[in-house]
Amino acid sequence: MTIADAERLHTARPDAQLVVVPGANHVLKQTTDTTLQGQMPTYQNPTVPIMPDVADAIADWIIKLGR
C-alpha cells in the first residue's frame, strides 16, 4: 500500500483518522528498504519493535474511543 492508496481510502471515509508514519512498513516496524527481501527481518524477527510513533497513534486512537 502506498501513501496515495491511504489518502484515497481516507477520501472515501473522511471521518476516519489518517496517520502516516514515515519509515513504517506494513507490520508497523521501521525500515528504509522497500523490497520484500529487505523487509523480511522485520516480519520474521519478533524482537524488532513497533515504531514508537505507530504505538503512540494507536494509543491515542484507543483513548479517543473511550471518550
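The values are calculated or read from the model by the stated rules, or taken from the named source; none is laboratory data. This structure is a prediction, so every number in the text was calculated from the model and none was measured. Glycine also receives a Cβ, built like all others from the backbone with ideal geometry; neighbour counts cover every protein chain displayed. Protein only, heavy atoms only, side chains kept; ligands, DNA and RNA dropped before computing areas. Shrake-Rupley method; radii C 1.70, N 1.55, O 1.52, S 1.80 Å.
Please list, in order along the stretch 18-28, the HN-Hα scalar couplings obtained from phi with the Karplus expression 6.51 cos²θ - 1.76 cosθ + 1.60 (θ = phi - 60°), rounded to whole Hz, x for Gly and Pro.
9, 10, 10, 10, x, x, 8, 9, 5, 9, 6
Quantify, in whole percent, the carbon and sulfur part of the accessible surface of the chain (1.4 Å probe; protein heavy atoms only).
On the way: 3260 of 5420 Å².
Here it works out to 60 percent.
Let me have the relative contact order for the chain, percent, based on Cα pairs under 8 Å that are six or more residues apart.
Numbers: 37 pairs, mean separation 16.2, N = 67.
The value is 24 percent.
At 0.36 nm per residue, minus the direct Cα-Cα distance, what do LEU65 and ILE50 gain on full extension? Give it in nm, one decimal, please.
Numbers: separation 15, 0.36 × 15 = 5.40 nm, distance 2.14 nm.
Length gained between LEU65 and ILE50: 3.3 nm.
Hey, of [x] 1.37; [y] 1.31; [z] 1.25, which did the structure itself give for Cα Rg over 2.2 N^0.38 Å when calculated?
Structure-derived value, by its label: [z].
Can you give the calculated 222 nm mean residue ellipticity of the chain, where each DSSP H run of n ≥ 4 adds -39,500 (n - 2.57) and the sum is split over every residue, rounded to the nearest 500 deg cm²/dmol? Present the calculation step by step, with values, prior to reporting the outcome.
On the way: 3 runs with 33 residues, N = 67.
Rounded to the nearest 500, the figure is -15000 deg cm²/dmol.
Return the sequence-ordered ³J(HN,Hα) values of the stretch 57-65 in whole Hz as given by the Karplus equation 6.51 cos²θ - 1.76 cosθ + 1.60 applied to θ = phi - 60°, using x for Gly and Pro.
Whole-Hz 3J(HN,Hα) from phi for the stretch 57-65: 5, 5, 4, 4, 5, 5, 4, 5, 5.
Please calculate how many Å² of accessible area the chain carries per residue, with a 1.4 Å probe and no DNA, RNA or ligand atoms counted. Please report the intermediate quantities before stating the final value.
Details: 5420 Å² over 67 residues.
Accessible surface, normalised per residue, equals 81 Å².
Find out how many positive minus negative residues lie around TYR43, taking Lys and Arg as positive, Asp and Glu as negative, among other residues whose Cβ is under 14 Å from that of TYR43.
On the way: positive: LYS29; negative: ASP33.
Neighbourhood net charge equals 0.
So what's the net charge close to LEU28: Lys and Arg +1, Asp and Glu -1, counting the other residues with Cβ under 15 Å from its Cβ?
Details: positive: LYS29; negative: ASP53, ASP56, ASP60.
Net of charged neighbours comes to -2.
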